Structures are given as C-alpha cells and as structure tokens.
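Each value in this text was obtained by applying a stated rule to the coordinates, not by laboratory testing. It should be emphasised that the depicted structure is a prediction, and the values quoted were computed from it without experimental measurement. FYI the Cβ positions are ideal-geometry reconstructions off the backbone, even for glycines, and counts take in every protein chain you see.
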Amino acid sequence: MNKIIKFNANRVWRTYQGGKLLDTIEGKASPQDTSFPEDWIGSTVEARNVGREHISEGLAMVNNEAGQAVAFRDLLQENQAYFLGSHDDTMRTLDDIPLVKYLDSSTRLHFQAHPTREFAQERLGMPRGKTEAYVILETRKDIADPYIYAGFQRSPSREQLKTWIETQDIASIESCFDRIPVKPGDVFLLPGGRPHALGEGILMLEIMEPSDLAVRFEFERCGYVIPEQARFMGRDIETALDVFNFDPVPPEKIDAEFRCTPKILISDEQKNSLEELIGADDTTCFVVKRASVAQSFKRKENGFFYGIVTEGSGTFIINGEVTELKRWDRFFCPAGVTEFEYQTDSGMSVLECYPGNS
C-alpha cells in the first residue's frame, strides 16, 4: 500500500452556529451558517450529542481496497501495524490517534472546560481527556477583533463559580476573562482543566485528544439550550467543578501559558522548511508540524500523521505513486510510509498532526 487516504467532508452537529466557510470550501452553491460548524477529519471518534443518539455522527467513512464504504476506524484495525505503527516497542492503538477538526464559528462558543487525561481515567473511566490545540487559519472579514478566552485571568472561588453556573450569571463568568486577540497563523495549546471559549468568526484547525468530553457551564447560546444531561458529562455539578484549573493566568503570562512559538526543524537550499508548532516539550498528547513547500521536499518520518493543505496545491509522492493535493484537502499518511515527497510549482503549506509520546 503506497497511498495516502484522502477524506471527504464529515460535518458534525454541534450546539453552536457556524460552517459557512466550510460550505464554501466544499463548493456548495449557497454557503450558510447552520448547526454543522465542524468537520471531523478522518475521525475515529463518535460525537456525543444528547438527543441525537439515534444518529451516528463523527466517524469518518472511507472506501477500502474493494471499493466498499467502511468506517475509517475499522480500516485501521484491519492492518494496525502498517497504519498506526508502534512507539517505544508498543503497538499504537486508536486511543493514540488525535481528533483533528475544521472548526468554523459564526458566534462565540459556550464557556466550557475539558478534563485532563488523569481526571478522565481516574474519575470518568475514560482513556483520554481533552487537551486541545488551535491553529488559526482564517478570520471572517466582518469581524473586527477576533479573539478567544483562555484560562481565568481573575479566578473566582469555587463557590462563586458554582453560584454563577447555577444562576447562569454569564456576565460575572465573562468578567473572569480577558479577550486574547488572534490572527491567521497563531497557534495555541489549551491543557485540560483550563476554562475557555472561542470567539466568533474564526476558522481554525483544532487538534485534541480523541474524546468528546466537555463541561459546558454556559447553558444557552443563540436560542439553543443544552440539555441537562449534556452539561456536566452526565455527572453532577460538584464533579464538573473538580475539572477546573482555578489557577489564575494574569494578562502578562497569557502568551507563555497558551501561545506556541514555531521551531524550525528543517530549512533547505530550495527554501523548503519544516516547523514544529507543538512538540513533546509542550504536551504528550500530540505533535503538530507545518511543512512549507517551495519546490520538491523529500521527507522521512517514523509515525502516522494527518495532513491538511492550508495554502497552495501540489502533489504527494510515495515510491512513484502520485496523489494530487489542493487547498483544504485532508489526508492520512500511514506509519508504514517512512519516505515521501511533496512537490509544487507555486508553493504549498501542509499542517501535519502526529500522535503524542505517551
């Protein structure tokens, strides 16, 4: 098998509005914002949408060698050694695969927090928490000052926050945060436990641990009220409050805490480069790199990755097998492919999302 696996759109229903830019990427005639603001790229994870349990959402579908449509998750398990490889002589599993999404918001998302891996394992009986990262791709032209919220800048006490959640005093909750300006190219890492919210008008690539666990402590946005059982992961408010990291992140420490600075790994004479956006020093959950291709860029890698073409177009070549790539294409490169080549005539940028080191 000398091919990458390309993915079609895999839109998922969420509790907020967006997706107009994703409609545009898909070539729809009348792009619009709806309740499908996310595209789960090659996902091996099912979405947890209360009230929609009868609808299978989230799992990516692909064609196998016989041309039959199968869940991407099932295809990986047919030849796990080739597709996923190993780490420290231990076979990789589906739990090692990061969940990668396009996220396109037209409104501010609900205030929420996600459990750490340790919390998920010890308190929820789940293998992974939900540390996540954002790579900002575009912002909408009609949004003057795009932003995110991350961490409490002015931390409430546990009892204050409990009261504000129970009474839905959103003004008081929002007063704990400062707006963090964002622009295309910015990279952020949000560890589990940190409360946050994404502002309106942002198209991003979101990379996270493979789970859909969230404490949603704002219950209503844009007229939709989150069902009670979907607010605290099916637990009570005390368990939900245990998820939070209440340590304050003052404004002068926001960048050091959440913003990631790219590190150059390769820079060659043809003006190709490979940057590490998020590495092992930042988190054990996943690794994110950015390949900037000027002409021909030959590479060697030891693990599987998801690739997302964010600028330009070109080709991906494995032992003479050529796959065309255009902007916004997304694909999976198996661990069994250790050498490959990007080629382009006009420049191309590819985000590469790898498993972590744990």
Per the Cα gyration tensor, the chain corresponds to an equivalent ellipsoid with semi-axes, largest first in Å, of 33, 22, 21
Structure shown: which of 141/289; 141/162; 253/298; 28/298 lie over 32 Å apart, alpha-carbon to alpha-carbon?
-> 141/162; 253/298; 28/298
Of all the Cα-Cα pairs you can form in the stretch 263-355, what percent are over 23 Å apart?
-> 16 percent
Gain in length, residue 345 to residue 237, computed as 0.36 nm per residue apart minus the alpha-carbon separation, to one decimal in nm?
-> 33.3 nm
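How large is the translational diffusion coefficient of the stretch 161-242 in µm² per second when you combine the Kirkwood radius over alpha carbon pairs with Stokes-Einstein at 25 °C and 0.890 mPa s?
167 µm²/s
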Given H placed on each backbone N at 1.01 Å, which residues far from residue 41 in sequence or on other chains put an amide H within less than 5 Å of it?
-> 100, 101, 102
DSSP loop (so not H, G, I, E, B), at most 16 other Cβ within 10 Å: list which trypsin sites (Lys or Arg not before Pro) in the stretch 52-98 pass both filters.
-> 52
Are there chymotrypsin sites (Phe, Trp or Tyr not before Pro) in the stretch 40-133 that DSSP marks as loop and that have at most 14 other Cβ atoms within 10 Å, and which are they?
-> none
Under the Karplus relation with 6.51, -1.76 and 1.60 and θ = phi - 60°, whole-Hz ³J(HN,Hα) for the stretch 113-121, x at Gly and Pro, equal 8, 10, x, 6, 4, 5, 5, 4, 6
Yeah, the stretch 88-196 with a ≥ b ≥ c from its alpha-carbon gyration tensor (a/c under 1.5 is rounded, else prolate when a/b outruns b/c, oblate otherwise) is oblate
Amide H to amide H, which residues 5 or more places from residue 106 or on other chains are under 5 Å from it, using H placed in the peptide plane?
-> 17, 18, 19, 201
Per residue of the chain, what 222 nm ellipticity follows from adding -39500 (n - 2.57) for every DSSP H run with n ≥ 4, rounded to the nearest 500?
-> -3000 deg cm²/dmol
Stick to Cα atoms and the Kirkwood definition of Rh, then tell me Rg/Rh for the stretch 316-358.
-> 0.97
Whole Å is fine, so just give me how far the alpha carbon centre of the stretch 1-77 lies from that of the stretch 218-236.
-> 23 Å
If one takes the longest principal axis of the Cα atoms in the chain, at what angle in degrees, from 0 to 90 and to the nearest 10, does the Cα axis of helix 158-167 lie?
-> 90 degrees
